[in-house]
Amino acid sequence: MNRGMIVILSGPSGVGKGTIRKRIMQEASLSLAYSVSMTTREKRIHEVEGVDYFFVNKETFQQAIDHDALIEWAEFVGNRYGTPKDYVEKLRNEGKNVFLEIEIEGASQVISQYQAHDLITIFLMPPSFRDLEDRIRKRQTETEDIIQKRLEKAHREMTLYKNYQYVVVNDQVDRAVDEIIHIIAHRMAMNKGV
């Protein structure tokens, strides 16, 4: 059995990463396993421990950092989020391709730790910055101050696409999903030496 790869999907907030991920995870031929992150934030009513997140206290999270037990971590709005190394390696050893939908900061941490042949790194780009702003505003879930912070961050992040192996424009969900499925399938075939 071939060891699985790590598939990273990154992009600015509001670009549609979650929608794309959900569709791609349905493609059984890709042997994908979604990586469950560890977080210090409070569990929401609909969330399930070990499915949505591994919910831990700040001390446990700090111990994971201190013991190099995370392949990436970041802090956002006072809460920490990270990807447990043992969990990812267990899935890879089972032949699964581990799917990480992570922030650009976390992605750069993973990219620095793994060799290129172990990774499929995909940057999801909006068709335009104006389109991205429209998507963020249509959510109607945040104050203008938070929207401006997200847009400033997105503007910085969009310049980092060069750090990824592939760039996919999310101009139409079906097309973007098909392109990403093709990329993953192609890389799986290359890894098997086909």
Beyond 21 Å (Cα-Cα) in this structure, taken from Lys58/Lys85; Lys58/Lys153; Lys90/Lys192; Lys17/Lys153, we find Lys58/Lys153
Those GluC sites (Glu not before Pro) from segment 8-62 that are DSSP loop and have at most 11 other Cβ neighbours within 10 Å turn out to be Glu42
Within segment 1-100, the percent of DSSP beta bridges that are antiparallel, given to the nearest 5, stands at 45 percent
Low-density loop trypsin sites (Lys or Arg not before Pro), segment 34-71, at most 15 other Cβ within 10 Å, DSSP non-H/G/I/E/B, are Arg41, Lys43, Arg44
Whole-Å distance linking the alpha carbon centroid of segment 114-134 with that of segment 163-192 is 10 Å
About its Cα centre, segment 6-191 carries a charge dipole, from +1 on Lys and Arg Cβ atoms and -1 on Asp and Glu Cβ atoms, whose size in debye to the nearest 20 is 300 debye
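Taken together, the values in this text are just the output of simple stated rules run on the coordinates, not laboratory data. Remember, it's a predicted structure, so these values are computed and weren't measured experimentally. Note: ideal-geometry Cβ built from the backbone for every residue, glycine included; neighbour counts use all protein chains shown.
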